[in-house]
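Remarks on the structure that follows.
The values are calculated or read from the model by the stated rules, or taken from the named source; none is laboratory data. Note that the coordinates shown come from a computational prediction; the quantities given were computed from them, not determined experimentally. As a convention, Cβ positions derive from the backbone with ideal geometry for all residues, glycine included, and neighbour counts pool all protein chains shown. What goes into the accessible areas is simple: the full protein's heavy atoms, side chains included, and nothing from ligands, DNA or RNA. Shrake-Rupley method; radii C 1.70, N 1.55, O 1.52, S 1.80 Å.
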Amino acid sequence: MRVRFAPSPTGALHIGGARTALFNWLLARHFDGTMVLRIEDTDRERSTPENVQQILDSLRWLELDWDEGPIMQTDRSERHGEALQALLDADLAYRSNATADDVKAYKQRHGAERGFRGEGEQGGAVRLRVPDGATVVHDAVRGDTRFEHVHMDDPVIARADGSVLYNFAVAIDDLDAQITHVVRGEDHLSNTPKQLLVLEAAKAVGFGDGAPLPQYAHLPLLHGPDGKKLSKRHGAASVGELRDAGYLPAAVRNYLALLGWGAGDDQTVLSTPELVERFTLDSVSRNPARFDEVKLKWLNGVYIRALGVKDLVERVGEYLDANGHAGFRGDPRFARAVEISQEKIHTLADFWALSGPLLAGPVDDAKARERWLGPQGVAVLAQERAALAQAASFDEAAVAQTLEALVSSLSVKPREVYQPLRVATTGTTVSPGIFESVALLGREETLRRVDAALSRR
RNA sequence: GCCGCUAUCGUCCAGGGGACUAGGACGCCGCCCUCUCAUGGCGGAAACCCGGGUUCGAAUCCCGGUAGCGGUACCA
């Protein structure tokens, strides 16, 4: 089995492309096949080297590796030229100056459902001659779909200057790379008969070494949460944005696998080895799916909780370094801060929101202060300060014991004691467990923050 | 317009003639746990697009409609 992922570098790799890459990769790994990466950069206006780099980076971040390539399609223009000339020589293709208006006029004369047929001319773009008959696409996901040639325009396969177009290049490249399975988005289904025709024509003039035609599988499209089409042309969620939002590659792979595919036994949390083991094309769904970040977030939380503490510390550290909070991983309290945050965060980005104040100092949340550091709260806080200052030791157990003793001696609700302390030390009402947090800060820092809060009034 | 694809809870995925009182997950609601937020546990609401047909029997097969989407580019 030889599969390929063939993105066009006209924008960032978005999640639809990532899903296609993933499915190809899963298939290649499942069947011990070969994954070819090809960059389809024949769009002269919109392809950029930056986008190529971005796509490669995204694939690497997703940990989807490839066995051959990246092959740049434009590097193959000589080969494309040969194939094109061979088709021209065999009269399987012809030059034509027909414009879009000419095509329209043709349909006016022959009927809207009639495909355009041109006359061979001296110069102009190259069109493929569409023969009579029909092409049946045998799709691994959708079954057979029949396309009557009579409805199909003779497709333009190259510009007048000889530079080739997508439907031609893709067919020649798949043929030369001996691709056995073409797995891509459903938006290509309607193009498939054209590519099949190119393939057949190319084979007829001796290209492809008699290799069999590839099998096709068209994946359902991915839509945004609003149900609208999700693509780079509409500002979709890119893989880079997922990384910046603090998602884990393994969680993204798991989530993406669930879009258009299911394990069949209702299992939703599947490690990558499990995905590789269980993924096949015949369990791919035919329905378009929506990208639901809420579910991704939940899944990411599952993966974060499953991580070893050391691993999570490393990842949070890297994330902080790359996202505006560099340096904090050097803090001796950092590892413990991550540890006590683990079950409370869903993304790497959540760490800073939850526990940043522990490391960087309290934030200023006026509402929190009003609610918990009024006259009552401050009175309790003062007693807490005294108790903590005298605690025999300052580990988590000692802190807990000290504060719990205060709760019972004051006979108030626990939160009447804990929340003022939390607001005093972090500035806000949400943080990891108060005992853990205070123990992490240590006696000196805790008392300093409490004093600052007390003197603020 | 023409050609094509698709149609099950709000979302994703099962179910593909009787096992369906339609299953699981996210989300939502309630309860429990609880120092906040989470996690965890328990329970609940929530769907077969519409109309015909085939059949003893249709979510499932067929036809039509509708809707969504894709293609119809000298984009990919």
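In region A:22-46, the residues that are farther than 22 Å from A:L259 by Cβ reach residues that are β-branched (V, I, T) and open to solvent by 60 Å² or more (accessible area, probe 1.4 Å) with C-beta atoms within less than 7 angstrom, at least six apart or across chains, in these pairs: A:D41/A:T74; A:T42/A:T74.
Filtering region A:234-291 to residues that are in a helix (DSSP H, G or I) and within 8 Å of RNA strand B (Cβ to nearest atom) leaves only A:S283.
In region A:311-337, the residue that is nearest to A:A245 (Cα to Cα) out of those that are open to solvent by less than 60 Å² (accessible area, probe 1.4 Å) and outside any helix (DSSP H, G or I) is A:N323.
Residues in region A:206-218 that are over 30 Å from the mean Cα position of the chain (by Cα) and surrounded by fewer than 18 Cβ atoms within 10 Å (Cβ to Cβ): A:G206, A:D209, A:G210, A:A211, A:P212.
Checked against the criterion of being of a type in the set (K, R) and surrounded by fewer than 19 Cβ atoms within 10 Å (Cβ to Cβ), the candidates A:R243, A:R278, A:R253 yield just one match: A:R278. When A:D144, A:D102, A:D154 are screened for being at pLDDT below 95 and more than 33 Å from the chain's Cα centre (by Cα), only A:D102 passes. Would you mind stating whether A:V170 is buried (at least 18 other Cβ atoms within 10 Å of the Cβ), part of a loop (DSSP other than H, G, I, E, B) and near RNA strand B (Cβ under 9 Å from one of its atoms)? Answer is no for this residue. The set of residues from region A:118-128 being more than 39 Å from the chain's Cα centre (by Cα), crowded, with 17+ Cβ neighbours inside 10 Å and more than 8 Å from RNA strand B (Cβ to nearest atom) comprises just one member, A:G118.
Take the residues in region A:291-329 that are under 16 Å from A:V252 (Cβ atoms) and among the aromatic types (F, W, Y); name whichever of them is nearest to the chain's Cα centre (by Cα). Among residues in region A:291-329 that are under 16 Å from A:V252 (Cβ atoms) and among the aromatic types (F, W, Y), the one nearest to the chain's Cα centre (by Cα) is A:F291.
Within region A:152-167, if we keep just the residues that are near RNA strand B (Cβ under 7 Å from one of its atoms) and not small (G, A, S), the residue that is surrounded by the fewest Cβ atoms within 10 Å (Cβ to Cβ) turns out to be A:R159.
Taking the stated definitions as given, is A:V198 within 26 Å of the chain's Cα centre (by Cα) and either open to solvent by less than 50 Å² (accessible area, probe 1.4 Å) or not assigned by TED's automatic domain parsing to the domain that holds A:Q73 (or both)? No. Mind listing whichever residues of region A:339-383 are of a type in the set (V, I, T), part of a helix (DSSP H, G or I) and within 14 Å of RNA strand B (Cβ to nearest atom)? Selection gives A:V380 alone.
Within region A:336-362, the set of residues being among the β-branched types (V, I, T) and either closer than 14 Å to A:I434 by Cβ or assigned by TED's automatic domain parsing to the domain that holds A:A251 (or both) comprises just one member, A:I340. Residues of region A:173-190 that are under 25 Å from the mean Cα position of the chain (by Cα), more than 12 Å from RNA strand B (Cβ to nearest atom) and of a type in the set (A, V, I, L, M, F, W, C): A:I179, A:V182, A:V183.
Within region A:191-228, the set of residues being part of a helix (DSSP H, G or I), within 12 Å of RNA strand B (Cβ to nearest atom) and charged (D, E, K, R) comprises A:K194 only. Residues being away from RNA strand B (no atom under 13 Å from the Cβ) and either open to solvent by less than 30 Å² (accessible area, probe 1.4 Å) or in a helix (DSSP H, G or I) (or both) are represented in region A:294-310 by at least one member.
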